[in-house]
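The values are calculated or read from the model by the stated rules, or taken from the named source; none is laboratory data. Predicted model, so just to flag it, every value in this text is computed and none were measured. No Cβ is skipped: glycine too gets one built from the backbone with ideal geometry, and neighbour counts run over all protein chains shown. Please note that ligands, DNA and RNA were not included when accessible areas were found on the heavy atoms of the full protein model with its side chains. Shrake-Rupley method; radii C 1.70, N 1.55, O 1.52, S 1.80 Å.
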Amino acid sequence: MTITGTGSRATRALGVLTLALFALLALLGLVLSPPDAAMGEAVRLFYVHVPAALASYAGIAVLGFGSVMYLWKRSLTWDLLAAAAAEIALVFTALTLVTGSLWGRPTWGTYWEWDPRLTATAVLFLLLLGHVAVRAAGGDVHGRARRSAVVGLLATVDVPIVRYSVDWWRSLHQPATLSKLDPTIDGLMLFSAFVGIVAFMAAFTWFLLHRFRVAWLEEQVEELSLADAIVERRAEGGRS
Amino acid sequence: MWRDAFAVAGRDLRIEARSRVAVNQVVPFAFIVLLLFGFALDPDRGILQRVTPGLFWVTVLLSALVVVQRSFAIERSDGGRDALRVGGIDPAGVFLGKGAAILVVLLVLEVALLAAVAVLYGAPLAGWPLLVVSAVVTTVGIVAPGTIYGALASGLRVRETVLPLLFLPVVAPVMIGATRAFEAALEGSTGAGWRWCGLLAVFAASYTALGMLLFEPLLEES
Amino acid sequence: MEPVLTLRGVVAVLGRFPALAGVDLDVGAGSTVLLVGPNGAGKSTLLRLCAGLVGLTAGSATVLGHDLRTGRRELRRRVGYLGHANGLYDELTVEENVRFWARIARVPEPAAAADAALERLAVASRLRDLGVGRLSAGQRRRVALAAFVVRRPELWLLDEPHAGLDATARDDLDDLVREATAAGATVLVASHELERATALASRTVRLEGGVVVDVA
């Protein structure tokens with residue numbers, strides 16, 4: 001069978017759904033929903049910021065799960081899944097940081113405030129960067145997989161501790177402000193936020209499937225070239 | 001496991017006692033960092049005193065990087081990494097042994113640094129029970145991930161550069177907790193300090209357990 | 001003869017390179033097998049594989065009754081591997097190095113066993129309290145051999161063990177190998193010292209291009 005891409009009927013459907021959700025989100029978030037009484041227009045950033053943060057946590061959850069499963073089963077499939085999740089989570093944490101600081105400019109008057117959630121996200125971003133760096137450092141596939149699984153697992157265990165410690169540390173100085181949504185929030189705003197979360201989760205899944213398949217195909221190519229290399233190697237010994 | 005841990009710790013400490021790398025290089029390094037903080041901030045004692053806990057722990061953390069790197073350089077010197085595996089040493093024993101040796105070196109360093117901040121920054125040392133307990137727990141929390149990442153990085157060509165990138169973000173909560181606990185101890189408001197100590201203990205215990213489990217796949221690398 | 005080593009279609013990949021490309025080999029207990037072949041034939045990788053230091057990519061391998069896929073850690077306690085590196089710590093004395101390995105191998109009375117091993121390898125007693133870093137290359141090799149025999153391995157994996165040793169040390173080594181096999185140990189040795197090694201070996205296995213091409 002010749003594989004010509006990483007898509008399938010299911011991923012194409014998911015892709016169309018994702019794009020439609022984003023169009024809806026743009027309409028709701030930018031046009032239909034009203035500005036917030038306290039935050040003004042800046043509230044619209046929330047429809048991107050909060051879902052991106054949630055998607056990055058989802059990515060880290062997949063990373064942790066994949067890492068544990070690799071160490072247990074020693075199957076490269078789990079390693080590739082974990083790696084795909086880590087890369088995507090890295091993108092979403094970056095997005096969370098950017099939208100967070102964009103929101104901070106009009107709200108706090110600075111691009112960076114030591115807000116607990118934002119600070120925790122910055123640490124998360126660095127943890128994920130470490131994972132990507134270890135993968136880029138090379139080595140044979142299982143060596144790389146073992147190292148990345150250890151890094152992935154250690155990073156995942158760190159996430160709740162980072163969150164807890166940062167929350168508690170900053171709560172001594174100021175209450176958590178960002179993403180503390182008012183329960184009496186306008187219905188359409190709540191709906192926009194909900195659409196945002198669904199859209200980002202769909203995008204996360206869509207990216208994950210494709211990224212995983214790319215990694216998997218790369219692995220297949222490696223295996224094929226290894227088979228060739230073995231034949232070549234045996235030929236050195238005079239028997240092929 | 002414990003026998004191997006004792007053998008490895010004893011060997012590492014003996015090597016340290018002979019080579020004096022910690023005494024001759026790491027301690028002076030830590031002192032120069034303390035001095036640099038003095039230059040960078042303001043030798044006006046008010047500021048330095050106020051931020052003493054933070055400067056103290058940043059210095060310890062930077063020194064820990066150096067000590068961890070040194071500890072795994074020993075293993076690479078003469079095919080030792082192979083030998084560790086050939087001998088069939090229990091991987092958890094290697095982790096505990098190397099970790100214990102690093103812990104001893106860092107604790108000794110901390111005693112020297114405490115004296116130094118008291119003199120250089122004029123920090124009034126107080127709240128001794130909390131100070132000592134939180135220092136020990138924090139150091140375990142630094143050493144456990146440090147040892148894991150030290151072993152992981154030592155198998156890579158980019159080991160010197162990748163170790164800080166992996167290690168420093170993971171110990172971010174330790175840095176926060178240790179600094180708060182020290183502040184509490186120095187200010188004499190120990191209630192919150194003990195709570196931070198609890199968080200540090202959770203961190204130290206989790207990463208020690210992880211190290212014992214994960215050293216086997218880490219040493220497996222071919 | 002009870003099999004000590006059973007390899008079937010063993011492929012071992014280092015990085016992206018198949019160092020072993022399908023090795024079949026059987027070795028029985030108490031034999032001495034000489035591995036020969038040109039540089040890069042896969043001799044060292046084969047020894048490291050048997051020591052549990054290199055993973056198995058394909059095929060099956062049983063060494064001392066341990067499956068190489070699942071039982072590497074248990075296996076490592078029972079084999080001895082001496083490669084090009086000595087695995088000694090420069091800052092420790094000769095005696096401390098050997099004692100450390102005796103202790104790790106759970107040898108009863110490690111200190112006495114270390115003394116006996118050093119005695120056997122004719123390491124002069126005036127050297128024993130010196131740091132290994134101060135010894136000559138040949139002396140270090142002798143200490144490495146002492147650290148090797150003190151572990152009392154059941155399977156000896158020696159990679160170019162004669163290199164860097166003087167004539168008496170080579171004779172000592174050969175005697176050790178004979179004693180060990182007489183006592184039931186099995187030896188795999190890769191060597192370019194063909195004359196010496198052939199005299200020692202009960203079988204010669206020729207490797208080329210990561211496969212066994214000849215057994216004599």
A student asked for the Cα radius of gyration and Dmax of region B:70-135 in angstrom ought to give 17.6, 52
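Could you give the Stokes-Einstein D for region B:1-121 in µm² per second, using the C-alpha Kirkwood radius, 4 °C, 1.567 mPa s? Show your work: numbers first, answer last.
Numbers: Rh = 15.7 Å.
D, rounded to a whole number, is 83 µm²/s.
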Estimate for me the total accessible surface buried between chains A and B (protein heavy atoms, probe 1.4 Å, no ligands or nucleic acids), in Å² to the nearest 100. 2600 Å²
Taking 0.36 nm per residue of separation between residue B:73 and residue B:119 and subtracting their Cα-Cα distance, the length gained on full extension comes to 13.2 nm
Ellipticity estimate at 222 nm from DSSP helix runs (n ≥ 4, -39,500 (n - 2.57)) divided over the protein assembly as shown, nearest 500: -22000 deg cm²/dmol
Helix A:141-171: angle to the longest alpha-carbon principal axis of chain A, degrees 0 to 90, nearest 10? 10 degrees
Does anyone have the angle between helix A:76-108 and the longest principal axis of chain A? Alpha-carbon axes, 0 to 90°, nearest 10? 20 degrees
Would you tell me the mean number of C-beta atoms belonging to other protein chains that fall within 10 Å of each C-beta in B:162-169, as a whole number? 6
If I take R0 = 22 Å and measure r between the Cβ atoms of residue B:62 and residue B:157 in this structure, what FRET efficiency does the formula 1/(1 + (r/R0)^6) give, to the nearest 0.05? 0.45
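So what are chain C's ellipsoid semi-axes, whole angstrom, largest first, if each one is the square root of 5 times an eigenvalue of the alpha-carbon gyration tensor?
Working through the eigenvalues yields semi-axes of 29, 18, 16 Å.
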Give me the one-decimal Kirkwood hydrodynamic radius in Å for chain A, with the sum taken over alpha-carbon pairs. 20.0 Å
The correct ranking of C:175, A:140 by accessible area at 1.4 Å, largest first, is C:175, A:140
Dipole of region C:48-149 (Lys/Arg Cβ +1, Asp/Glu Cβ -1, origin at the Cα centre): which of C:123, C:133, C:54 lies farthest to the positive side? C:54
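Tell me, what % of the accessible area of chain C is carbon and sulfur with a 1.4 angstrom probe?
Looking at chain C in its full context, I get 49 percent from C and S.
Quick one: if the Förster radius is 22 Å, what FRET efficiency do residue B:213 and residue A:77 give, using the C-beta to C-beta distance and rounding to 0.05?
My answer for the efficiency is 0.50.
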Relative to the first principal axis of the alpha-carbon coordinates of chain A, what is the inclination of helix A:46-73, with its axis defined by its Cα atoms, in degrees from 0 to 90 and to the nearest 10? 30 degrees
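If I compute solvent accessible area with a 1.4 Å probe over the protein chains, what percent of it on region B:2-221 is carbon and sulfur?
69 percent
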Report the calculated FRET efficiency for residue A:224 and residue C:106 (r = Cβ-Cβ distance, R0 = 60 Å), to the nearest 0.05. 0.85
Per-residue accessible area for residue A:88 at 1.4 Å probe radius, Å² rounded to 10? 10 Å²
In peptide C:206-214, what is the residue-averaged number of other protein chain Cβ atoms found within 10 Å of each Cβ? 5
Residues of region A:71-114 with backbone N under 13 Å of the label point set 7 Å from the Cα of residue A:41 along Cα→Cβ are A:106
Could you check the spin-label model distance between residue A:32 and residue C:129? Points 7 Å from the Cα along Cα→Cβ, value in nm. 8.9 nm
Between residue C:193 and residues 5 or more places away or on another chain, the pairs with built amide H atoms under 5 Å apart involve none
Mind ranking C:43, A:73 by accessible surface for me, highest first, 1.4 Å probe? A:73, C:43
In square angstrom, rounded to the nearest 10, how much accessible surface does residue B:12 have for a 1.4 Å probe? 10 Å²
Note to self: with every protein chain in place and a 1.4 Å probe, region B:2-221 gives an accessible area per residue in Å² of 37 Å²
Chain pair C, A: how much accessible area is buried, both chains summed, with a 1.4 Å probe, in Å² to 100? 1200 Å²
Residues in region B:119-161 occluded by at least 10 Å² - accessible area, probe radius 1.4 Å, against chain by itself: B:148, B:149, B:152, B:156, B:157, B:158
Rounded D (µm²/s) - the protein assembly as shown, Kirkwood Rh over Cα pairs, Stokes-Einstein at 4 °C, 1.567 mPa s: 46 µm²/s
